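Below is one structure; the comments refer to it alone.
The values are calculated or read from the model by the stated rules, or taken from the named source; none is laboratory data. Fair warning: this is a prediction, and the values are worked out from it, not measured in the lab. Quick reminder, even Gly has a Cβ in these numbers, built from the backbone with ideal geometry, and neighbours come from all protein chains shown.
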Amino acid sequence: MNKALRNDLHVSAPEGLPFIDFEREFDFPVADVFRAHADPDLVARWLGPRGLKMEMDHYDFRTGGTYRYIHTGPDGVPYEFSGVFHTVRENEFAIQTFEFGGYPDVVSIEFLTFTDLGDGRCRLSGHAVYPSMEARDGMVSSGMEQGMGEGYERLEELLRERSA
């Protein structure tokens, strides 16, 4: 399989269901990808699209932990995100809520699964559930897929840099 295609982000929003699913493979072990999701200093280096400044208020990736961060675009407009980590199982699974400050009272619940593919590779799969189709469609039309894609490219670059 073509390495570039293998590691593309795949996002789907099933018609008529308030879900968004995604999948992305990495040429790094589960432990490395999980650590990059758990360590706030690493998260601040890859999460989100290129060109945004990240301010990490707090980030406690453990069962019962919370997070809040702000992305600021080149235009100076801040975008605040926050949530709660409901379940975190090291190198396996996380369940979290996700709320964008620009749309208060719309909270999604997200499931992240880290799968070991062998040969030092892994797959990250996500399933996000929204309170309504309107909320789901708003997320889809927000540029989320491009932002996620750029973020995961940045994550791959970070992991490559750390393994060199």
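Considering each of Phe100, Phe61 in turn, give the residue that is more than 18 Å from Pro18 (Cβ to Cβ) and touching a Phe, Trp or Tyr at 6+ places or on another chain (Cβ under 7 Å). If you could, list the steps in order and put the result at the bottom.
Working: Phe100 fails: more than 18 Å from Pro18 (Cβ to Cβ).
Checking each option against the conditions leaves just Phe61.
Yes or no, residue by residue, for (1) of a type outside the set (S, T, N, Q); (2) out of contact with any strand residue (DSSP E or B) (no Cβ under 7 Å at 6 or more places or on another chain):
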| site | (1), (2) |
| --- | --- |
| Asn7 | no, no |
| Arg24 | yes, no |
| Pro40 | yes, no |
| Arg45 | yes, yes |
| Gly65 | yes, no |
| Ser82 | no, no |
| Glu90 | yes, yes |
| Ile95 | yes, no |
| Phe98 | yes, no |
(request) Please state which one of Arg68, Arg24 is of a type in the set (Lys, Arg) and in contact with a Lys or Arg (Cβ under 9 Å, 6 or more places away or on another chain). (result) Arg24
(request) Could you identify the single residue in Glu55, Glu23 that is without any contact (Cβ under 8 Å) to a residue 24 or more places away in the chain, touching a Ser or Thr at 6+ places or on another chain (Cβ under 9 Å) and not small (Gly, Ala, Ser)? (result) Glu55
(request) Confirm whether Arg162 is over 15 Å from the mean Cα position of the chain (by Cα), buried (at least 16 other Cβ atoms within 10 Å of the Cβ) and closer than 26 Å to Asn7 by Cβ. (result) no
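Per-residue answers, yes or no, for (1) surrounded by 15 or more Cβ atoms within 10 Å (Cβ to Cβ); (2) within 15 Å of Val11 (Cβ to Cβ); (3) modelled with pLDDT under 95:
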position	(1), (2), (3)
His86	yes, no, no
Glu90	no, no, no
Tyr103	no, no, yes
Val106	yes, no, yes
Gly118	no, no, no
Arg123	yes, yes, no
Met144	yes, yes, yes
Tyr152	yes, yes, no
Leu155	yes, no, no
(message) As an exercise: evaluate Gln96 against (1) touching a Pro at 6+ places or on another chain (Cβ under 7 Å); (2) crowded, with 17+ Cβ neighbours inside 10 Å and give the number of the one condition it does not meet.
(response) (1)
(message) Looking at the stretch 75-84 only, could you name the residues that are over 26 Å from Asp32 (Cα atoms) and either buried (at least 17 other Cβ atoms within 10 Å of the Cβ) or aliphatic (A, V, I, L, M) (or both)?
(response) Val77
(request) Output the residue which, of all residues in the stretch 47-104 that are in a strand (DSSP E or B) and of a type in the set (Asp, Glu), is nearest to the chain's Cα centre (by Cα). (result) Glu99
(request) Please state which of the following conditions Asp32 fails to meet, knowing it meets all the rest: (1) surrounded by 15 or more Cβ atoms within 10 Å (Cβ to Cβ); (2) in a loop (DSSP other than H, G, I, E, B). (result) (2)
